[in-house]
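Just so it is clear, none of the values below were taken in a lab; they were calculated from the coordinates. A quick note: this is a predicted structure, and the numbers were derived from the prediction, not measured. With ideal geometry, Cβ positions are generated from the backbone for all residues, glycine too; neighbour counts draw on all protein chains shown.
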Amino acid sequence: VFMSELRVKKVEEFIKQEIGNMLLMDLKDPHLGFVTVTGVKVTGDLREAIVYVSLFGNEESKKESLLVLDKSKGFIRKELGKRLKVYYTPSIRFEEDTSLDYGMHIDGILKKIHKEEQ
């Protein structure tokens, strides 16, 4: 069990790194905003990967970026297959990671409370 867990973790880290590189180097869509891969969750059988991305900008540009990522899934999966060298390349699903927004929201609340205390 431990060995397969280790393998999943390695695959997750590799996918995170490679998709990050692809976003920087290979995807040239002008509608793709500033996107950062924050994490990857791969199923134990390595069949599916959820790629968590942090999106910057207003709601409209975030939606547009997610659409571009969605349309690029085939290309990204094919590239991953070449780079990953595994028998089966996991299917990819992109999801927005809102933890950064949440953290900034909490930070804002804390600053406000601190101001009010003074």
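Quick notes
- Neighbour count of at most 13 Cβ within 10 Å plus DSSP loop: longest chymotrypsin sites (Phe, Trp or Tyr not before Pro)-free window in the chain: 1-33
- Per-residue Karplus couplings for segment 88-99, computed as 6.51 cos²θ - 1.76 cosθ + 1.60 with θ equal to phi - 60°, are listed in order as 10, 8, x, 6, 10, 10, 9, 9, 6, 8, 9, 4 Hz, Gly and Pro entered as x.
- Across the chain, Cα pairs under 8 Å and at least six residues apart give a relative contact order of 25 percent.
- Helix 2-25 axis versus longest C-alpha principal axis of the chain: approximately 70°, rounded to the nearest ten.
- Taking the charge dipole of segment 15-92 about its Cα centre, with +1 at Lys and Arg Cβ atoms and -1 at Asp and Glu Cβ atoms, the residue from Leu69, Thr89, Gln17 reaching farthest to the positive side is Thr89.
- For the chain, the gyration tensor built on C-alpha atoms gives an oblate shape. Its axis ratio a/c (a ≥ b ≥ c) is at least 1.5, and a/b is not larger than b/c.
- Exposed trypsin sites (Lys or Arg not before Pro) absent: longest stretch of the chain, with sites in DSSP loops and at most 11 other Cβ within 10 Å deemed exposed: 48-84
- Cα-centre dipole for the chain with unit charges at Cβ (Lys and Arg positive, Asp and Glu negative), debye to 20: 580 debye
- Residue with peak Gaussian network fluctuation, the chain [Cα springs, cutoff 10 Å], from Leu32, Leu69, Leu100: Leu100
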